[in-house]
Each structure stands twice: as structure tokens, then as C-alpha cells.
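Asker: Got a structure here, written out as C-alpha cells. Questions coming.
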Amino acid sequence: MTSQRAPSTGDETGNGGSDAGHRLRVPGKLHAFNRYELKYLLPVSQVAEVRAELTARMNADRNAGANGYGVWSLYYDTQRLRFYYEKIEGLKFRRKLRIRRYGEIGPDADDAPVSVEIKQRVNRVTQKRRVLLPYGLARDLCDHRIRVEHPRADQAFVDEVLDLVHRLDLRPTAMTGYRREPYVGTDADLGLRVTLDHRVRGRDRDFDLRAEAENRYIISPDHVVMEVKANERAPYWVTDMAARFGLQVQRISKYCQSVEAFGRAPRSVFHVPVEDVVEDSRPIAAPREPALPGTRP
């Protein structure tokens, strides 16, 4: 693998097994997804009942391990937060760039695989394109604006990321982290994916995906983010379940929450009250209550 400085152009590890998350991080060719997404804020008090319905109709993601897996993302934006405001203003076409690491936070080698992603919204469809690179090369590409090559990477997409970073003068802006509990559809629901994201936190500095730095809750720890992703539309039973639990679709972005939590933009209604902000330097750990299926208290 090589790195070449490019000319300026202007304007998922679960801890339920040692290899559970590694299967999510093996470098490979470009992956692309087109999906519809629905997001809900689920009170922790309702998690056990919702989980029971999900497990009755879906399978636990085999990559997740017994306690799910950690997800850490480093987001890039312009100095004036162009991507943040595109989301807030609800533009029909918007996008963002991030580097994502699956697994436990902590020291790791520069060649540990991470995902470099462009996630964009076109009308109501969410499109995600990603390529997996060694962590050192991913930071060379996005931070140092160096053209990188990797034998198993899609070079056209890598060059597109480099062009985007150059043209918009992107820089690391915010991080998010949480523990993800994923479920996948079966039979008639193939393509359906539902995730429960616990203890959603973030930080506005120490932008190293290996650093055990201080983090802050960016969504109240009394709530879990439930995301529903489907190839066409969510099955009726999912929306019926949400209605029975009094859940409403929310326009919530973890990246925007992190930007707002650290005073770079007005705070949203989803934030922890200022006087109750929680800071914690520990790595994300599995939720203690309620326990995931098959685990012991």
C-alpha cells in the first residue's frame, strides 16, 4: 500500500467474541447501500418490550456478539458547518463524510481496518457508499489530503473522497460513539435492519478513534435511538409497533447532536439539560439494564 501527496484542487467489534467485530472490519471493495430510514427515540423503560417484539420477528445480527458492538465515528465538515446546516435545513440532497470504527475504544494499530464513508440523502432515500482502509491510510486521505492506494480499495471512490476534502476544505469536526444492538430481517422482511443505539455520546476534540478521551452524552442516557432501515418501505408491523408504544418519527442526527452539545450550534430538544450533562472518560460498555437476549445479569 502506498501514499502519494495529491495536488491541491482548491475550492461494526462486539465484545461477545474476539473476532465478532473484526468480521465487520475486514478491508474490501466498495460497498453501496440505498435505503429508506426511520428514526425513533425510545425510552429505556420500553426497550425490553420492543426487544421482545424484534426478537420474535427478526434475527440478532450474527456479527454483533452477545452484547452488541461499539460504533465510533469521526465526522468531517467545513469551517462553517455546511453539512450540519444542510441537515438542519432539510435539503433534499445532502451528504456527509465520516470515518467509522467498529469495536471497543482503545489503542489499536494504524493498519486496523476502518470504514471511510460518504452518506448522502437524495429526496427520501439514504445512500451510503464506503470503502474499508487501514486506519493510518484513512487519516492520510481525510486529514492530510494524501492520495492513498490500497490493493483491496475502490480507487475511484478513494479519489472522490480526496476531491471532496480538497474542494470543500473539510476538517475533523465531531465524534460520536454508542453501543449498537442490531437485528436483521428474515423471510418476507429480507433487507430490513433495525438497530437500538445505547448510550449515545460524543466529543469535540481528541479526534483519534483509538483515544480513551472524555466524552459527553449528546442524547439523554434515558433514551435509545431506534433506527429502521429498509430497501423500500418499513413493514407494517414495525410502524404498528411504534404507534402502540407512542413513538413518533424523529429528524435526529447523531452528528448534529454532537455539534450542538459542544456549543457550535443551538441545542436541540433531544439534548440532556445543561445542568445534567454527563461526562465520562470510560470506553462505551454494554448496557446493564435491560440486558440483551441470552446474557446474564
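The values are calculated or read from the model by the stated rules, or taken from the named source; none is laboratory data. Everything numeric here is computed off the predicted structure, so don't read it as measured data. Here Cβ is always computed from backbone atoms with ideal geometry, including for glycine, and neighbour counts include all displayed protein chains. To get the accessible areas, we keep the full protein, side chains included, count just its heavy atoms, and leave off ligands, DNA and RNA. Shrake-Rupley method; radii C 1.70, N 1.55, O 1.52, S 1.80 Å.
Asker: If I filter the range 264-275 for residues that are within 20 Å of the chain's Cα centre (by Cα) and modelled with pLDDT of 90 or more, do I get at least one hit?
Answerer: No; the residues of the range 264-275 include none that is within 20 Å of the chain's Cα centre (by Cα) and modelled with pLDDT of 90 or more.
Residue-wise test of (1) assigned to a strand (DSSP E or B); (2) among the aliphatic types (A, V, I, L, M).
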residue	(1), (2)
TYR36	yes, no
GLN46	no, no
LEU54	no, yes
ARG98	yes, no
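Asker: Name every residue in the range 153-183 that is over 30 Å from ALA213 (Cα atoms), of a type outside the set (A, V, I, L, M) and over 20 Å from the mean Cα position of the chain (by Cα), in order of residue number.
Answerer: Passing the criteria: ASP154, GLN155, ASP159, GLU160, ASP163, ARG167.
Asker: Follow-up question, since we're still on this one. Specify the residue that is farthest from LEU170 (Cα to Cα); the eligible residues are those in the range 134-149 that are buried (at least 20 other Cβ atoms within 10 Å of the Cβ) and in contact with a helix residue (DSSP H, G or I) (Cβ under 7 Å, 6 or more places away or on another chain).
Answerer: VAL148
Asker: Regarding the range 214-233, can at least one residue be identified that is over 18 Å from LEU38 (Cβ atoms), surrounded by fewer than 19 Cβ atoms within 10 Å (Cβ to Cβ) and at pLDDT below 90? Walk me through it before giving the result.
Answerer: Step one: filter the range 214-233 for residues over 18 Å from LEU38 (Cβ atoms), giving 214-218, 220-222.
Restricting the remaining residues to those that are surrounded by fewer than 19 Cβ atoms within 10 Å (Cβ to Cβ) gives 214, 216, 220-222.
From the residues that got through so far, the ones that are at pLDDT below 90 too are 214.
Yes, that holds for at least one residue.
Asker: Name the residues in the range 163-188 that are part of a helix (DSSP H, G or I) and buried (at least 19 other Cβ atoms within 10 Å of the Cβ), would you? Step through it out loud before you land on a result.
Answerer: Quick first cut of the range 163-188, residues part of a helix (DSSP H, G or I) only: 163-168, 187-188.
Within the range 163-188, just VAL165 meets the criteria.
Asker: Step by step: first the residues of the range 59-96, then only those that are farther than 30 Å from THR186 by Cβ and part of a loop (DSSP other than H, G, I, E, B), then the one that is most open to solvent (accessible area, probe 1.4 Å). Which residue is that?
Answerer: Keep residues of the range 59-96 that are farther than 30 Å from THR186 by Cβ, which gives 74-96.
When the remaining residues are screened for being part of a loop (DSSP other than H, G, I, E, B), the result is 78-81, 89-92.
On the way: THR78: 19, GLN79: 136, ARG80: 209, LEU81: 8, GLU89: 123, GLY90: 36, LEU91: 68, LYS92: 150 Å².
Here the answer is ARG80.
Asker: So, in the range 213-240, how many residues would count as being in a strand (DSSP E or B), within 20 Å of GLN46 (Cα to Cα) and of a type in the set (Gly, Ala, Ser)?
Answerer: 0
Asker: Against the conditions (1) at pLDDT 95 or above; (2) surrounded by 15 or more Cβ atoms within 10 Å (Cβ to Cβ); (3) over 15 Å from ALA174 (Cβ atoms), where does PRO287 fall short? Just the number, please.
Answerer: (1)
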